[in-house]
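I have placed the structure first, in the form of structure tokens, so that the comments after it can refer back to it.
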Amino acid sequence: MNNFFGSLLRFLLTIVAGIVLFAAIVAGCVKLTVFNQDYMAKQITQSGITQTLQNELTQQVQNYGRDNGVPSDVLANVVPQDLVEQNVKNYLGSLYNGTNFQLTGQDQLTTNVQHALTQYAQQQGLPVTDQVTNGIQSVSQSIGDSISQFMNNQQLTQYGQQLASYRSQTNQALLIFSIASVVLWLLLLGASKGGRLKLRGTSRMLGLAGLLTLTVPFGLSVANVTNYLQLPNVEVKTFIEQLLSSFTSVFWIAGGVCLLLAVIVFLISLFSRKNAGMRHAR
């Protein structure tokens with residue numbers, strides 16, 4: 001009877017410890033990805049969203065030029081990539097820090113447009129009239145407004161508000177689940193007599209946590225999340241797809257590492273059992 005209750009206790013502790021460890025892994029993965037500003041900036045760069053935004057803004061400028069008899073190539077380089085990237089990073093920082101987004105580089109845009117149009121006018125022997133000057137101010141302001149409009153997308157703003165509210169909760173959850181998993185693991189070791197049972201219990205706990213962790217990316221893949229989100233444009237959809245791909249890969253790695261550790265600990269338990277049997281035979 002004592003053996004039965006002892007086995008039942010170890011089984012329950014293994015299940016609970018594995019689930020709590022899984023929760024800690026999830027909280028850790030989320031903290032390292034979604035709530036990591038540097039990680040998100042890297043995903044934005046890899047998704048090509050800044051390049052796409054730069055191309056769209058350049059097309060707007062070129063449309064203005066064509067409407068006023070200016071060839072497209074004259075205004076092809078007035079929107080620098082670093083300016084777009086800097087504003088995207090600034091916006092990302094405003095999301096994570098809870099501050100208002102401020103557009104930077106407006107003067108640089110005006111200068112670039114002015115230089116391109118003035119140089120073209122000189123090459124064609126055309127006077128730089130007040131109308132041209134006003135047009136320069138207008139087109140540079142239009143570029144700035146386009147960047148601000150993209151950054152102030154309602155869906156992205158709501159995402160930022162959720163970040164602020166969930167970030168501290170995730171940190172607390174990671175701390176609580178990490179401590180709880182260690183405590184439960186120690187209780188499991190205390191309920192196991194002999195090194196082999198301790199190792200087997202640890203192996204099962206790690207294996208359960210690893211398998212549960214692998215269900216997260218599998219579930220996200222099956223659910224096809226992007227189809228359920230009302231994404232405003234192609235750029236945001238591309239970014240979300242890139243983010244989900246990288247996000248799920250973190251869980252695949254974390255789950256794989258847990259399973260690998262579980263196998264290693266299990267093999268150690270077999271090796272220790274074999275050595276114990278050899279010593280007993282002697």
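The values are calculated or read from the model by the stated rules, or taken from the named source; none is laboratory data. If you're wondering where the values come from, they're calculated on a predicted model, not measured in any experiment. For neighbour counting, all protein chains shown are included, and Cβ atoms are generated from backbone atoms with ideal geometry for every residue, glycine included. Calculation scope for accessible area: heavy atoms of the full protein, side chains included, ligands and nucleic acids excluded. Shrake-Rupley method; radii C 1.70, N 1.55, O 1.52, S 1.80 Å.
Test of understanding: among ALA41, ALA24, which residue is touching a residue at least 12 places away in the same chain (Cβ under 8 Å) and within 30 Å of ARG200 (Cα to Cα)?
Step by step, each of ALA41, ALA24 is checked, and only ALA24 is touching a residue at least 12 places away in the same chain (Cβ under 8 Å) and within 30 Å of ARG200 (Cα to Cα).
Name the residues in region 18-69 that are under 19 Å from GLN114 (Cα atoms) and open to solvent by less than 20 Å² (accessible area, probe 1.4 Å), would you?
Listed by number, the residues that qualify are LEU57, THR58, VAL61, GLY65.
Please work out which residue is nearest to PRO71 (Cα to Cα), limiting yourself to region 100-111 and to residues that are open to solvent by 40 Å² or more (accessible area, probe 1.4 Å) and either of a type in the set (A, V, I, L, M, F, W, C) or in contact with a helix residue (DSSP H, G or I) (Cβ under 8 Å, 6 or more places away or on another chain) (or both).
Going through the qualifying residues, I end up with GLN108.
Being touching a Ser or Thr at 6+ places or on another chain (Cβ under 8 Å) and open to solvent by 70 Å² or more (accessible area, probe 1.4 Å) is the filter here; which residues of region 177-197 pass it?
Let us first name the residues in region 177-197 that are touching a Ser or Thr at 6+ places or on another chain (Cβ under 8 Å), namely 185, 188-189, 195-196.
Within region 177-197, TRP185, ARG196 qualify.
Is region 206-213 home to any residue that is modelled with pLDDT under 90 and open to solvent by less than 60 Å² (accessible area, probe 1.4 Å)?
no
Within the set of pairs 6 or more residues apart or between chains, which connect a residue that is within 16 Å of CYS29 (Cβ to Cβ) and in a helix (DSSP H, G or I) inside region 166-185 to a residue that is open to solvent by 70 Å² or more (accessible area, probe 1.4 Å) and modelled with pLDDT under 95 with Cβ atoms less than 6 Å apart?
Between residues of region 166-185 that are within 16 Å of CYS29 (Cβ to Cβ) and in a helix (DSSP H, G or I) and residues that are open to solvent by 70 Å² or more (accessible area, probe 1.4 Å) and modelled with pLDDT under 95, the close pairs are THR170/LYS31; LEU174/LYS31.
Please enumerate the residues belonging to region 22-53 that are farther than 22 Å from SER168 by Cβ and either in contact with a strand residue (DSSP E or B) (Cβ under 8 Å, 6 or more places away or on another chain) or hydrophobic (A, V, I, L, M, F, W, C) (or both).
Answer for region 22-53, where residues must be farther than 22 Å from SER168 by Cβ and either in contact with a strand residue (DSSP E or B) (Cβ under 8 Å, 6 or more places away or on another chain) or hydrophobic (A, V, I, L, M, F, W, C) (or both): ILE44, ILE49, LEU53.
Can you run down the residue pairs with Cβ atoms below 6 Å, 6 or more apart or on separate chains, where the first is in region 56-73 and without any contact (Cβ under 8 Å) to a residue 40 or more places away in the chain and the partner is of a type in the set (Gly, Ala, Ser) and assigned to a helix (DSSP H, G or I)?
Within 6 Å, the pairs are GLN62/SER72.
Considering VAL84, VAL16, VAL74, which residue is out of contact with any Ser or Thr (no Cβ under 8 Å at 6 or more places or on another chain) and over 30 Å from GLY256 (Cα atoms)?
VAL74
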